[in-house]
Every structure is written in C-alpha cells, then in structure tokens.
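**Q** Following this message is one structure expressed as structure tokens.
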Amino acid sequence: MLAGGAAAAEPVTIAALGDSLTQGYGLPQEEGFVPQLEAWLDAQGAEVTVLNAGVSGDTTAGGLSRIGWTLTPEVDGLIVALGGNDLLRGIDPAASRANLDAILTRADAAHVPVLLVGLDAPGNYGPEFEAAFDAMYPELAKAHDALYFPNFLKGLTDLPDRDKAMARYMQADGIHPSAEGVALVVKAMGPSVLDLVARAEAAAGG
C-alpha cells in the first residue's frame, strides 16, 4: 500500500499542444484553459503539471512544426487540440489530417500517450468538407490508439440552450470562451484528461 501510494504520488507532466483555445486568448493568465485544467486535476487528487503549448493562430501545420520541442523528456502525456485555424482558413481536411497523423506518429515514437481533441466543422464549406474534417479525429485516434474527446467546446455546446449558452460563456469575438466558459470546458474534458494521466502513469511504470 505504501509502495502504491509512493508510485501514485509521482507527478505527471502533460503538454497541451494547441492554438488560442489552449493558449488562453483574451483571458488573464490564471483564467486560461491550462491553469484551470491543472487546478481541476488537482481538485480530483491528481498531481499533474500541465504545460501550455498553445500558440494563438496555430494550424495543424504549426503544431507539427513544434512537436519536436514540445515532446521534451519531461512530458509524460500529450493533449492535441488543433484544427480550429485550419477551419477558419478553409484548409483541405486531407492536409490537416496528414499533419495530425504526423503529430500522433511522433508521439507514438516517443511512447507518449495522447488525448486527441476534435472540433465540429461548420457546414459553410459544404458537406464533403464537413464530413472529412469531422471524421479525421475519431479515425486518427483509433488508428493510433489515442484517447479521443469529440469537441473542445463540448462543455458549452451540450448545454440545453446552445445559442444562449454560447452567448453567455463566450468572449465578444464569439470564438473564445470566457473564464466561466473555460471552467465548463475543463469540467467536460477533465475526465478524459484523467484517463490520459492514467495512461501516462502506466507507461511510466506507475
């Protein structure tokens, strides 16, 4: 029991690779996604350090260009939350998929478990684009045996009155959550992050 407790006490480091949603755009530093996630995990009794590897404006290609120095030896697990800026720019989903596939391949090679976080594509690019974009996340997660969370904003979009919720919990730009909105995002995604922590501990022999 004591040995198990000691193993469980080993801190886990998770890197959150993403864009402005991860970076905490428009919010005081302590109210962004990463600090709120770390606090939520702590409240669940999980000793986890979450590294903010979010860069505003980053696409999947930008994330791929940074994956090498994101996967430092201290990183035990990886959250990949990219694709929103690909959507905004109308980038071919095949290109986004190839970039995410390469990121996951690099994580596999480093033996770092991944939580892949998706997004819902809007319909304005047409049904083929929407279908290809929406499918790439669960398909890549399955191919790489990664954990999968369907939508970064699920904690908001699943609320009963979606339009009212988005108006209440988003910043004025309608793209980024407010601090209250981030808290709901974290609450929804948190259990999946705990699953990632468990995988990271198992991979480390904990």
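**Q** Taking the options Leu41, Leu2, Leu64, name whichever one is open to solvent by 30 Å² or more (accessible area, probe 1.4 Å), over 14 Å from the mean Cα position of the chain (by Cα), modelled with pLDDT of 95 or more and among the hydrophobic types (A, V, I, L, M, F, W, C).
**A** Exactly one residue qualifies, and that residue is Leu64.
**Q** Oh, and also: Out of curiosity, is Ala107 touching a helix residue (DSSP H, G or I) at 6+ places or on another chain (Cβ under 9 Å), free of Cβ contacts under 8 Å to residues at least 60 places away in the same chain, crowded, with 20+ Cβ neighbours inside 10 Å and in a helix (DSSP H, G or I)?
**A** When the stated conditions are applied, Ala107 passes them.
**Q** Give segment 49-73 a look and list any residue that's closer than 19 Å to His176 by Cβ and charged (D, E, K, R), or say none.
**A** Residue satisfying the conditions is Asp58 alone.
**Q** Which residue pairs have Cβ atoms closer than 8 Å, lie 6 or more positions apart in sequence or on different chains, and pair a first residue in segment 111-134 that is at negative phi and touching a residue at least 40 places away in the same chain (Cβ under 8 Å) with a second residue that is of a type in the set (Phe, Trp, Tyr) and part of a loop (DSSP other than H, G, I, E, B)?
**A** Close Cβ pairs satisfying both conditions: Val117/Phe152.
**Q** On the basis of being open to solvent by less than 30 Å² (accessible area, probe 1.4 Å) and either under 27 Å from His111 (Cα atoms) or of a type in the set (A, V, I, L, M) (or both), does Leu194 make the cut?
**A** No; evaluated as a whole, the condition is false for this residue.
**Q** Report, by residue number, each residue of segment 185-206 that is touching a Gly at 6+ places or on another chain (Cβ under 7 Å) and either more than 23 Å from Ile175 (Cα to Cα) or among the polar types (S, T, N, Q) (or both).
**A** Leu196, Val197, Arg199, Ala200
**Q** A further question follows. Please work out which residue is farthest from the chain's Cα centre (by Cα), limiting yourself to segment 135-176 and to residues that are surrounded by 17 or more Cβ atoms within 10 Å (Cβ to Cβ) and more than 25 Å from Arg199 (Cα to Cα).
**A** Among those residues, the one meeting the criterion is Ala165.
**Q** Within the set of pairs 6 or more residues apart or between chains, which connect a residue that is closer than 18 Å to Asp120 by Cβ inside segment 162-184 to a residue that is open to solvent by 70 Å² or more (accessible area, probe 1.4 Å) and hydroxyl-bearing (Ser, Thr, Tyr) with Cβ atoms less than 6 Å apart?
**A** Taking only residues 6 or more apart or on different chains, the pairs are His176/Tyr25.
**Q** Would you mind telling me which numbered condition in (1) of a type in the set (A, V, I, L, M, F, W, C); (2) free of Cβ contacts under 8 Å to residues at least 40 places away in the same chain; (3) within 26 Å of Ala102 (Cα to Cα) Leu196 fails?
**A** All conditions pass for Leu196, except number (2).
**Q** Does Asp120 satisfy the condition of being in a loop (DSSP other than H, G, I, E, B) and among the charged types (D, E, K, R)? Walk me through how you get there before you give the answer.
**A** Details: in a loop (DSSP other than H, G, I, E, B): yes; among the charged types (D, E, K, R): yes.
Considered against the rule, which asks whether it is in a loop (DSSP other than H, G, I, E, B) and among the charged types (D, E, K, R), Asp120 comes out as yes.
**Q** Now a separate question. Of these, Leu82, Leu51, which one is in contact with a strand residue (DSSP E or B) (Cβ under 8 Å, 6 or more places away or on another chain) and either open to solvent by 20 Å² or more (accessible area, probe 1.4 Å) or farther than 22 Å from Gln171 by Cα (or both)?
**A** Leu51
The values are calculated or read from the model by the stated rules, or taken from the named source; none is laboratory data. Because the structure is predicted, anything quoted here is derived from the model rather than measured. Here Cβ is always computed from backbone atoms with ideal geometry, including for glycine, and neighbour counts include all displayed protein chains. Note: accessible area is taken over every heavy atom of the protein model, side chains too, but ligands, DNA and RNA are not part of it. Shrake-Rupley method; radii C 1.70, N 1.55, O 1.52, S 1.80 Å.
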